[in-house]
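Presented below is the structure to which this report refers.
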Amino acid sequence: MTSIKGFFRGRAKIQPIWVFVIALFIFFSVMSEYFLSFGNISNILVQTSTIGLIALGMTFVMINGNIDLSVGAILGLSASLAVGLQEISMTLAIIAALVSGILLGALNGFVVWKTGVNAFIVTLGAMLGVRGLIFLYTGEQSFFAMNFAFADFGTSTIGPVPVLAIIFLICALIMHLVLTRTSHGRNTFAVGGNPEASIDAGIRLGRHMMINFIIVGFFAALAGVLLASQMGAATPNLGRDYELWVITAVVLGGTKLTGGYGSIVGTLGGVLAIGILRNGMNLMQVPAFYVLVILGAILISVLIIDKKLNAPSAKEVRI
Amino acid sequence: MASTEQTKVGVPSGKLSKAGVLSFLSAQGILIFFLIGMFVFSFFSEQFLSQSNIMTVVRQASIIGIIAVGVTVVIIGGNLDLSVGSMLSFSTVLVVDLHDKIGPTNAILLMFALTLMIGAVNGFLIGFLRLNSLIVTLAMLSAIQGFVLIYSGGQNVDIANQENTWFAFFGRGFVGGIAVPVLMFGLLAIVIQVVMSYTGYGRRIFAVGGNPMAAVYSGIRKNWCVFSTYLISAFCVACAALVLGSRVMGSQNNVGQGYELLVLAGIILGGTSLLGGAGSIWKTVIGVLILGFIQNGLLLMGYPYYIQWIVTWVIIILAVWLDLANKRKRLFTSHS
């Protein structure tokens, strides 16, 4: 009875971004004969999986009222490690890549927790510094995967469905359940909505925020490994500007920058909107240059619409 | 965004008491840090403190410095500007491309007009529609980059006749032995510092950044204040584009990529709080110079250039942390 409604508990109304996704879907289906095919749809899912995975973690961090600008750099480092360490052992390479993301996320979170320095500044520094670490490790060289099992994994499918798409969707489902069904998820909203009150309510604010930074670090690293496997290579500049795309996706999905409000379902919509736009405009042979302008314009329009629609709700009590 | 610490501006007392000296020292902490850093670097490299090296570093830092002066005003007003890097690409490509087509004077005028227009768009969206500045300027970053690529067709632009044009003055010229970029940097910094400290306009920007509600209740037209900070930022970017285009006599279409981060790093090193309502142009100048000297010192010591990013990472966090710790009188946060 309440099962479907309960599944979207707390954020029961249909998010505007999904209306936008459906509109885009119909628009491109009409405009391009190639758009509406199974191959293309799964293509979109594969293309969005990298940004999508990071966006899952970023949603948690942004609901917390923080931000992580270092995800692109963490992705680059983990991709380089995953390919670069394969000479020793592939398992070790992948583990090292994922651990690097977890450690850097933990470092970001720990610094934010202990020093009280704004997350924007901490992760801005990390964004520069981790990029420096990548160049230090790679010596400005690109790495190519010699291990074919690794390179094949990124393009493999289970039945007709690409593995990367499955991984992304499963992670999205897990993170959705964590956000809506667990105390960690509840605390995430509480901390973002009112940090002082959540300290009074006994939430260990510092640790809690650190865990969310670890989550986003892990997802950035996972995205790096999968991207490297998809390309069969890693370059030192991999992941540059990804933080912009990820934040764009999360904001499009309705998560508030000020914290306390957001959802994985919305983020999924935001990621898909960007993916469909890029794919659809590609199929319509719109030059890549225009796509940048259109995305910027859409992001600002969404902000304006959101401001107009949700102006009264800002005064309501949240959660 | 998560930090809720109160920022207090250290007010220097008139008498030279012990507390006064201490508060002066803590207020100028970044300057002391800078001097110690210079001292350490001079041990490792003999050329470091030579006059020509110092002039070179200041000249190289002046482009980032000119932009940082403008962005500091935006940040004092309580907002952010991440679009300055893309704007720098836009303005540089524009002025270099138009130089051959409509002459240097017209090119410069048109470039300033169009750059200020972009600033006005930013200012309108953030000042009047009150959208979040982080996201708006992030969106503008991508949109302006798109415009640059459309305009240039993805090609880099060059000035054909590089020998016989007075356009070279802005990037390569000297006035009284001082390089023009340094002169522009210094002049802009002084003028804007004076405006921010000694005029009613400057006080209003501080008020709007510090406590927007109180500012509105005391009759300050907040929308116009925020709007104007983005015009100042755009004007500074246009000046930087003039210097950059004239120095290189050409432009890549992504020349400004990443500048917004270096600019922010310089401002943060200078000790301007991202929360708004506090900060000074003078400290931004010091912060930008620290970045320049770190880069130069590490290069002279023989390290690859990307080591500076790692060092910058550590220094940014240390600088902001110690500043915060000083204000709250304890090193670590109290929450668990």
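The values are calculated or read from the model by the stated rules, or taken from the named source; none is laboratory data. Note that the structure is a prediction, hence the values are computed from the model and not measured. Here the Cβ is made from the backbone with ideal geometry for all residues, glycine too, and neighbour counts use every protein chain on show.
Tabulated values for the structure
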read-out	value
Single unsatisfied condition, B:Leu318 versus (1) among the aliphatic types (A, V, I, L, M); (2) crowded, with 19+ Cβ neighbours inside 10 Å; (3) at the interface with another protein chain (Cβ under 10 Å from one of its Cβ atoms); (4) under 14 Å from B:Ile268 (Cβ atoms)	(2)
Any hit, region B:98-120, residues being surrounded by 22 or more Cβ atoms within 10 Å (Cβ to Cβ), within 14 Å of chain A (Cβ to nearest Cβ) and touching a helix residue (DSSP H, G or I) at 6+ places or on another chain (Cβ under 7 Å)	yes
Lone qualifier among A:Thr155, A:Thr123 - being modelled with pLDDT under 95 and not in a helix (DSSP H, G or I)	A:Thr155
Condition check for B:Ala214: away from every other protein chain (no Cβ under 14 Å), closer than 23 Å to B:Leu109 by Cα, more than 18 Å from the chain's Cα centre (by Cα) and not in a loop (DSSP other than H, G, I, E, B)	no
Top-ranked residue in region A:200-214 [being surrounded by fewer than 24 Cβ atoms within 10 Å (Cβ to Cβ) and hydrophobic (A, V, I, L, M, F, W, C); ranked as nearest to B:Ser336 (Cα to Cα)]	A:Leu205
Residues located in region B:144-180, provided they are within 14 Å of chain A (Cβ to nearest Cβ) and in contact (Cβ under 8 Å) with a residue 12 or more places away in the chain	B:Ile144, B:Gln145, B:Phe147, B:Val148, B:Leu149, B:Tyr151, B:Ser152, B:Gly154, B:Gln155
Residue within region B:296-308 that is more than 30 Å from B:Gly146 (Cβ to Cβ), within 17 Å of the chain's Cα centre (by Cα) and facing chain A (nearest Cβ under 8 Å) present	no
Any pair with Cβ under 8 angstrom, 6 or more apart, that starts in region B:323-336 at a residue that is within 7 Å of another protein chain (Cβ to nearest Cβ) and ends at one that is at pLDDT below 80	B:Leu324/B:Ser3; B:Leu324/B:Glu5
Candidates A:Gly254, A:Gly239, A:Gly232, filtered to the one that is in contact (Cβ under 8 Å) with a residue 60 or more places away in the chain, in contact with a strand residue (DSSP E or B) (Cβ under 8 Å, 6 or more places away or on another chain), at positive phi and away from chain B (no Cβ under 12 Å)	A:Gly232
Criterion (within 27 Å of B:Ala325 (Cα to Cα) and hydroxyl-bearing (Ser, Thr, Tyr)) met by exactly one of A:Thr115, A:Thr91	A:Thr115
Count of region B:295-335 residues which are assigned to a loop (DSSP other than H, G, I, E, B) and within 22 Å of B:Phe39 (Cβ to Cβ)	3
Residue that is nearest to the other protein chains (Cβ to nearest Cβ), among those in region A:184-219 that are over 24 Å from A:Leu103 (Cβ atoms) and out of contact with any helix residue (DSSP H, G or I) (no Cβ under 8 Å at 6 or more places or on another chain)	A:Glu196
Which listed residue is in contact (Cβ under 8 Å) with a residue 60 or more places away in the chain and closer than 30 Å to A:Leu85 by Cβ, from A:Ala190, A:Ala223	A:Ala223
Some residue of region B:122-129 being without any contact (Cβ under 8 Å) to a residue 60 or more places away in the chain and in contact with a Lys or Arg (Cβ under 9 Å, 6 or more places away or on another chain)	yes
Single match in B:Gly287, B:Gly279, B:Gly292 (criterion: under 23 Å from B:Gln193 (Cβ atoms), at pLDDT 85 or above, within 14 Å of chain A (Cβ to nearest Cβ) and not in a loop (DSSP other than H, G, I, E, B))	B:Gly287
Residues located in region A:126-152, provided they are touching a strand residue (DSSP E or B) at 6+ places or on another chain (Cβ under 7 Å) and either at pLDDT below 90 or at the interface with chain B (Cβ under 7 Å from one of its Cβ atoms) (or both)	A:Ala145
B:Thr92, sole failed condition from (1) within 14 Å of chain A (Cβ to nearest Cβ); (2) crowded, with 22+ Cβ neighbours inside 10 Å	(1)
Residue pairs meeting the criteria (Cβ under 9 Å; at least 6 apart or on separate chains; first in contact (Cβ under 8 Å) with a residue 24 or more places away in the chain, in region A:118-131; second surrounded by fewer than 24 Cβ atoms within 10 Å (Cβ to Cβ) and among the charged types (D, E, K, R))	A:Arg131/A:Arg240
Within region A:224-319, helices (runs of 4 or more DSSP H) holding 2 or more residues that are at pLDDT below 90, in contact with a helix residue (DSSP H, G or I) (Cβ under 9 Å, 6 or more places away or on another chain) and over 25 Å from A:Leu75 (Cβ atoms)	A:288-309
Conditions (1) more than 14 Å from chain B (Cβ to nearest Cβ); (2) more than 30 Å from A:Tyr34 (Cα to Cα): number failed by A:Tyr261	(1)
Candidate set: region B:15-49, residues that are modelled with pLDDT of 70 or more and small (Gly, Ala, Ser); chosen: the one surrounded by the most Cβ atoms within 10 Å (Cβ to Cβ)	B:Ser45
Residue among A:Ala119, A:Ala55, A:Ala97, A:Ala106 that alone is within 14 Å of chain B (Cβ to nearest Cβ) and either crowded, with 24+ Cβ neighbours inside 10 Å or under 19 Å from the mean Cα position of the chain (by Cα) (or both)	A:Ala119
Single match in B:Val182, B:Val136, B:Val195, B:Val148 (criterion: part of a helix (DSSP H, G or I) and in contact with a Gly (Cβ under 6 Å, 6 or more places away or on another chain))	B:Val195
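Listed here are the residues, each with its yes/no results for (1) assigned to a loop (DSSP other than H, G, I, E, B); (2) buried (at least 24 other Cβ atoms within 10 Å of the Cβ); (3) over 15 Å from the mean Cα position of the chain (by Cα); (4) at pLDDT 95 or above.
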site	(1), (2), (3), (4)
B:Tyr230	no, yes, no, yes
B:Val237	no, yes, no, yes
B:Asn253	yes, no, yes, no
B:Leu262	no, no, no, no
